[in-house]
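A.B. asks: Structure incoming, see below.
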Amino acid sequence: MKKPGDFPKLSLGLYPTPCYPLEAVSARYGRDIWIKRDDLCGVALGGSKVRKLEYLLEEARRAGCDTVFTTGSAQSNHAALTAACAARLGMKCVLFLKGRGAAQERGNLLLDRLFGAEIRFVDTDRYAHIYDEMLALDEELSKQGRKCRAIPAGGSTPLGALGYVACAEEIAAQCDGAGRIVCAVGSGGTAAGLLLGAKLCLPGAGVAGVSVYPEAFEDIVPQLAEDAAALLDTPLVRTEGDLRIVRRIGDGYAVPNPEDAPYIEELARLEGILLDPVYTGKAWAGMMELLKAGELDGDGSIVFVHTGGAAALFAMDMPTA
């Protein structure tokens with residue numbers, strides 16, 4: 001069996017990221033709750049995508065690519081982090097962002113510009129249309145002698161998911177007795193890596209993913225995990241209840257939920273930790289609702305993986321409950 005470290009990757013983030021108990025929150029809710037701070041990974045404002053990009057950008061670099069494309073919403077954390085990492089590597093970055101709902105240059109859009117990315121807004125809600133635009137630009141730049149690599153939304157590929165197998169290994173070393181790992185799910189790669197990583201180094205621990213995007217992640221996440229397991233030459237042995245996907249989309253992707261605001265404020269005021277209203281805020285609120293409903297009972301600690309996104313706090317108005 002192979003390990004994530006056996007695959008070529010860049011060293012872009014500062015790992016392992018901190019993982020520690022939330023003492024005030026745990027006392028209030030009567031449950032041992034920890035947080036894994038991937039928002040403190042040392043690149044831009046941090047986040048889950050850097051672990052994936054270490055593999056994906058190294059693959060592009062070894063192929064001789066000088067330009068990378070990726071996509072996401074106007075306030076995509078993945079897009080901003082891809083731009084940051086590409087800048088560090090001296091690669092050109094072109095971001096194909098969903099133009100609908102793009103507002104003034106705030107939050108991650110401002111960061112995209114600071115990192116020197118070229119931004120192309122595409123008036124569509126379908127990624128298939130965006131990938132067609134990427135292909136057209138790839139063909140155009142290839143005629144100019146450039147070599148490009150397209151990175152899917154969220155960096156959610158089997159290779160990228162290995163970054164979160166490594167994250168699960170860190171959690172196993174840092175949190176003795178982790179019983180449930182919770183994360184936001186926007187493209188599936190983070191949850192897939194954690195599912196596989198839990199199988200390999202956290203026996204008995206389950207993964208709960210809070211979906212913030214309307215896709216069939218019950219199918220997407222296990223398939224990504226299975227494909228990542230194939231890279232490691234190991235089977236993905238599933239057990240009942242090892243993955244749970246709950247939806248907390250509200251009025252739509254990238255639209256804050258008023259009912260999440262009290263949970264975001266509570267964590268800020270009890271622990272000094274910021275969550276964004278698009279990804280981590282929805283995931284944290286979803287986790288707390290499950291906890292209050294008695295649906296996260298069981299042995300072991302709950303570990304919330306903070307996947308970044310604080311820039312969105314400065315790009316939209318926080319709702320009130």
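A.B. asks: For the stretch 31-54, indicate whether the set of residues that are over 29 Å from Glu289 (Cα atoms), buried (at least 18 other Cβ atoms within 10 Å of the Cβ) and of a type in the set (Ser, Thr, Tyr) is non-empty.
C.D. replies: No; the residues of the stretch 31-54 include none that is over 29 Å from Glu289 (Cα atoms), buried (at least 18 other Cβ atoms within 10 Å of the Cβ) and of a type in the set (Ser, Thr, Tyr).
A.B. asks: Do you know which residues across the stretch 58-84 are surrounded by fewer than 24 Cβ atoms within 10 Å (Cβ to Cβ), closer than 17 Å to Arg146 by Cβ and either among the hydroxyl-bearing types (Ser, Thr, Tyr) or free of Cβ contacts under 8 Å to residues at least 60 places away in the same chain (or both)?
C.D. replies: Listed by number, the residues that qualify are Arg61, Arg62, Thr67.
A.B. asks: Given the conditions (1) in contact with a strand residue (DSSP E or B) (Cβ under 9 Å, 6 or more places away or on another chain); (2) within 25 Å of Asn257 (Cβ to Cβ), and given that Ala205 satisfies all but one, which numbered condition is not satisfied?
C.D. replies: Every condition holds for Ala205 apart from (2).
A.B. asks: Turning to a different aspect of this structure: Of everything in the stretch 67-86, what is modelled with pLDDT of 95 or more, out of contact with any Phe, Trp or Tyr (no Cβ under 8 Å at 6 or more places or on another chain) and not small (Gly, Ala, Ser)? Give them in sequence order.
C.D. replies: Matches in the stretch 67-86: Thr67, Val68, His78, Leu81, Thr82, Cys85.
A.B. asks: Restricting the stretch 121-166 to residues that are free of Cβ contacts under 8 Å to residues at least 12 places away in the same chain and not in a helix (DSSP H, G or I), which is nearest to Ser211 (Cα to Cα)?
C.D. replies: If we take residues in the stretch 121-166 being free of Cβ contacts under 8 Å to residues at least 12 places away in the same chain and not in a helix (DSSP H, G or I), then Arg126 is nearest to Ser211 (Cα to Cα).
A.B. asks: Test Gln144 against the criterion of being surrounded by fewer than 17 Cβ atoms within 10 Å (Cβ to Cβ), of a type in the set (S, T, N, Q) and outside the structural domain of Ala208 (by TED's automatic domain parsing), and give yes or no.
C.D. replies: Spelling it out, Gln144 is indeed surrounded by fewer than 17 Cβ atoms within 10 Å (Cβ to Cβ), of a type in the set (S, T, N, Q) and outside the structural domain of Ala208 (by TED's automatic domain parsing).
A.B. asks: Please state which one of Gly281, Gly250 is in contact with a Pro (Cβ under 9 Å, 6 or more places away or on another chain) and within 22 Å of Leu110 (Cα to Cα).
C.D. replies: Result of the check over Gly281, Gly250: Gly281.
A.B. asks: Would you say Gly204 is part of a loop (DSSP other than H, G, I, E, B), assigned by TED's automatic domain parsing to the domain that holds Ile35 and over 28 Å from Glu59 (Cα atoms)?
C.D. replies: Yes; evaluated as a whole, the condition is true for this residue.
A.B. asks: Residue check: is Ile249 touching a residue at least 12 places away in the same chain (Cβ under 8 Å) and in a loop (DSSP other than H, G, I, E, B)?
C.D. replies: Taking the combined requirement at face value, the residue satisfies it.
A.B. asks: Which residues, counting only those in the stretch 147-183, are at positive phi and surrounded by 19 or more Cβ atoms within 10 Å (Cβ to Cβ)?
C.D. replies: Gly154, Gly155
The values are calculated or read from the model by the stated rules, or taken from the named source; none is laboratory data. Please read these numbers as outputs of a predicted model, since none were measured by experiment. Cβ atoms come from the backbone with ideal geometry, glycine included; neighbour counts cover every protein chain shown.
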